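Contents: one structure, followed by commentary.
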Amino acid sequence: MKSTLVAVLFFLLFPFTIFTQESKEAPAQQVETPEEREKREFKEFKEFKERQNREAALKDQNANKANPNEKKWYVYMQGSAGSAATEFEKGKAQGGKLGFEYRILPFFGIGFGLGNNKLDLTSRDSSSGLVLAYLLLNAPYTTTTPESRQSAQTNRLFLAALLAAPTNYSYSYSTAQLDFNFHFNQDKFFDPYAGIGLIAGICSPAYPCSITGGEFKLGSQFNFDSFFLFLQGQAQLLTIKESGLPGFQSQNLIGSLGVGFRF
């Protein structure tokens, strides 16, 4: 009788016990309002952005630790010489430059420089002068006395020499230049690069003029601990404008050698 009573109580109370336990374990589901949803999403987005910023800062910190000797500033002196050509002249170009470059990124830098340059040009074709000199020397004399004939002949020889000689032009000018350089091997010892430069300047007061143009350059830089050397080739296109005269273009092919310090 006793065992029968215990069994009846067990079957009666067991379902109630399970239901009570499940009720305790199952959390009460709450309906989320639009305002609460907006706040939750904003909080999650804010936490996501903070996590991204921490990861980026950690990445930059690790990059700085990996390159503790990275150099940002490059100050240099440069000398250059090469050939120049216009539509009617050819000649030589030479100059010097003092400049600097700041590496915004290890593979990209922006630079500025001040230069002093000289352009020596000679006329390509002097055939017209030779023809005029020939005609002048072979023209008949109108003088009758030997003395006047000799004087006229001397004057003609002098004028013929001036006509036959090629015409020379020389421009001395100062420039300011803005450079953009791409370094393919970053700031390692062997540092090949390519770049473009924007050039503006003025000529000397003796022959006043203005200079505008640009250049494309290829070079190799050799970075030591605190200094560097570089070799560079440049292709320039300059427009020279004298006061009251139409401008003309000069195409220059130049080789350069430079040395500087980096820190």
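The values are calculated or read from the model by the stated rules, or taken from the named source; none is laboratory data. Computed from a predicted structure; not experimentally measured. Neighbour counts run over all protein chains shown; Cβ positions are idealised from the backbone, glycine included.
When 176, 161, 152, 206 are checked against the criterion of being in a loop (DSSP other than H, G, I, E, B) and either modelled with pLDDT of 95 or more or more than 25 Å from the chain's Cα centre (by Cα) (or both), 206 stands alone in meeting it. Against the numbered list (1) touching a Gly at 6+ places or on another chain (Cβ under 8 Å); (2) crowded, with 17+ Cβ neighbours inside 10 Å, residue 171 comes up short only at (1).
Restricting attention to region 200-224, the residues that are touching a residue at least 60 places away in the same chain (Cβ under 8 Å) and farther than 18 Å from residue 251 by Cβ total 1. Across region 172-199, what is the total count of residues that are farther than 30 Å from residue 243 by Cβ, in contact (Cβ under 8 Å) with a residue 40 or more places away in the chain and among the aliphatic types (A, V, I, L, M)? Residues that pass the stated criteria total 0.
Residues of region 172-202 that are touching a Lys or Arg at 6+ places or on another chain (Cβ under 8 Å) and hydrophobic (A, V, I, L, M, F, W, C): 194, 196. Residue count for region 223-238, restricted to those that are exposed (fewer than 14 other Cβ atoms within 10 Å of the Cβ) and either within 15 Å of residue 177 (Cβ to Cβ) or not aliphatic (A, V, I, L, M) (or both): 3. Screening the candidates 253, 245, 231, 257 for the property of being assigned to a strand (DSSP E or B) and without any contact (Cβ under 8 Å) to a residue 40 or more places away in the chain yields one hit, 231. Show the residue pairs that are 6+ apart or on different chains and have beta-carbon atoms under 7 Å apart, the first residue being within region 94-115 and at pLDDT 95 or above, the second being acidic (Asp, Glu) and not in a strand (DSSP E or B). From region 94-115, the pairs are 103/187.
Taking (1) surrounded by 13 or more Cβ atoms within 10 Å (Cβ to Cβ); (2) at pLDDT 95 or above in turn, residue 190 satisfies each apart from (1). With respect to the conditions (1) surrounded by 14 or more Cβ atoms within 10 Å (Cβ to Cβ); (2) closer than 30 Å to residue 69 by Cα, residue 218 falls short on a single one, namely (1).
Any residue at all in region 183-201 that's of a type outside the set (Asp, Glu), touching a strand residue (DSSP E or B) at 6+ places or on another chain (Cβ under 7 Å) and either closer than 14 Å to residue 119 by Cβ or outside the structural domain of residue 104 (by TED's automatic domain parsing) (or both)? Yes: region 183-201 contains one or more residues that are of a type outside the set (Asp, Glu), touching a strand residue (DSSP E or B) at 6+ places or on another chain (Cβ under 7 Å) and either closer than 14 Å to residue 119 by Cβ or outside the structural domain of residue 104 (by TED's automatic domain parsing) (or both).
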